[in-house]
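Written out below as structure tokens is the structure these notes cover.
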Amino acid sequence: MLRRLQRLVSRAATAKGGDRRQLLALIDDVETARRGLLRECAEVEGEMRQVSVRKTAIGAYLRNAQAGRGKRNN
């Protein structure tokens, strides 16, 4: 994705203001890259939520296991 964005930046730097077709294609490519980034962001956010839930569950399990053995951590 980073390489794709770098290519888009390079294309934008060389784009001529009067070439409407080239600019429209560039805008379309930028929008496609933006949607891809948003999709990846949503996936990472979902994975982070899952990790948080797992972390909470593991913590609760450990606390219960320690309480069952009569140990206390302060």
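Below are the figures for this structure:
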| quantity | calculated |
| --- | --- |
| Structure-derived Rg and Dmax of the Cα atoms in Å - corresponding label in (1) 24.3, 77; (2) 30.2, 100; (3) 11.3, 34 | (1) |
| Sulfur and carbon atoms: percent of accessible area, the range 17-60 [1.4 Å] | 60 |
| Among 51-59, 24-32, the order from most to least packed when residues are scored by Cβ within 10 Å on average | 24-32, 51-59 |
| Zone residues, the range 27-55, relative to Thr14, backbone N less than 18 Å from point 7 Å out along Cα-to-Cβ | 27-30 |
| Per residue accessible area of the chain, 1.4 Å probe, in Å² | 91 |
| ³J(HN,Hα), Karplus 6.51/-1.76/1.60, whole Hz, each residue of the range 4-11, x for Gly, Pro | 4, 5, 5, 5, 5, 5, 4, 5 |
| Helix-only mean residue ellipticity at 222 nm for the chain, each DSSP H run of n ≥ 4 adding -39500 (n - 2.57), per residue, nearest 500 | -30500 deg cm²/dmol |
| Inter-probe distance in nm under a simple model that places probes 7 Å from Cα toward Cβ, at Gln66 and Leu37 | 4.2 |
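The values are calculated or read from the model by the stated rules, or taken from the named source; none is laboratory data. All figures in this text were calculated on a predicted structure; none of them were measured in a lab. Note that each Cβ is placed from the backbone with ideal geometry, even for glycine, and that neighbours are counted across all protein chains shown. When the accessible area is computed, the model is the full protein with side chains, heavy atoms only, and any ligands, DNA or RNA have been set aside. Shrake-Rupley method; radii C 1.70, N 1.55, O 1.52, S 1.80 Å.
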